[in-house]
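Structure first, commentary second.
Nothing in this text is a laboratory measurement; each read-out follows from the coordinates by a stated rule. Since this is a predicted model, take the numbers as computed values, not measurements. In this analysis, Cβ positions are derived from the backbone assuming ideal geometry, glycine residues included, and neighbour counts consider all displayed protein chains.
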Amino acid sequence: MKLLFDAANTLIHKPKLFTSVNNVLHEYGYNIPDDYLIRTHRFVSEVIEFPDRTNEDFYRDFNSQWLYALGVIPLPEILDSIYKKCSYLPWEPFEDTNYLKEIKHSISILSNFNTNLDEHMNQFFPKIFDTIIVSEKEKVRKPKIEFYELAIDRLNVPASEILYVGDSIRLDIEPAQKLGINAWLIDRTNNFPYFEKRIKSLTELKNII
C-alpha cells in the first residue's frame, strides 16, 4: 500500500485566518461564532475553485461569497480590511500530522498548489514524502481525472493499493474514488457528519492502513 495526501487544509493550514477575519467582523458589529465561520468557509470552498496562485482579485471575490453566506453584505471597506489582515498569513502543519512519522508505508502528495509546495513540505516534514505532485508544475489540477491518473502512474501501483486522504469531497474524494482509489475525507471540524468514509484525525489512519 502507498499513501497519498492532499496538502492545503489536509496537512497544512493557516490557523490565524479565522481569528483575523472574526476580528474584522467584530469591528463592523458582527458577532459570528468561530465554528460557524469555519463551517461556512468550508462550504464556500467546496464550490469555488482556487487557482494555483491566488491574488487580490480572487480573494475579494471569494470573501464576498463567504460574507454573503454568513449573512453579511460585503462592503468594500470590509473586504479591504479582511484582505489587509489576512494576506500572507503563514502556513502551519496540523497537530495530528505528527502521526505521519509513524507510518511505515511510502507517503506522497497530490495537491492543487503552486511550485512553492516543495519548500513548505520540506520545512515542516523533512524526509517524509517520496513524491510531491503539484498542479502548477503538471498543468493539470483537481478534480480532473487526469491528475489522479498521473499520480497512479508516478506511484507505480494499482489504484486499489493507494490510500488517499483529502479535505474536499468534490476535489479529492469523488475523482479518486472513480478510479478505484481508497479515498478518505479528513473532516476535523465535523462539517460533513453524514459522509461515510471520513476521519476526524490523521491518527485514525492506524485503523485503516
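A simple count of charges around Lys200, restricted to other residues whose Cβ falls under 13 Å of its Cβ and scoring Lys, Arg +1 and Asp, Glu -1, yields -2. The long axis of helix 145-155 is offset from the longest Cα principal axis of the chain by roughly 50 degrees. The Cα trace of the range 1-121 gives Rg and Dmax of 16.2, 52 Å, the first to one decimal, the second as a whole number. Shown here are the Rg and Dmax of the Cα trace of the range 71-209, at 16.8, 52 Å. Between helix 76-86 and the chain there is an angle of about 40 degrees, using the helix long axis and the longest principal axis of the Cα atoms. For Leu179, no residue whose modelled amide H falls within less than 5 Å of its own remains once neighbours fewer than 5 places apart on the same chain are excluded.
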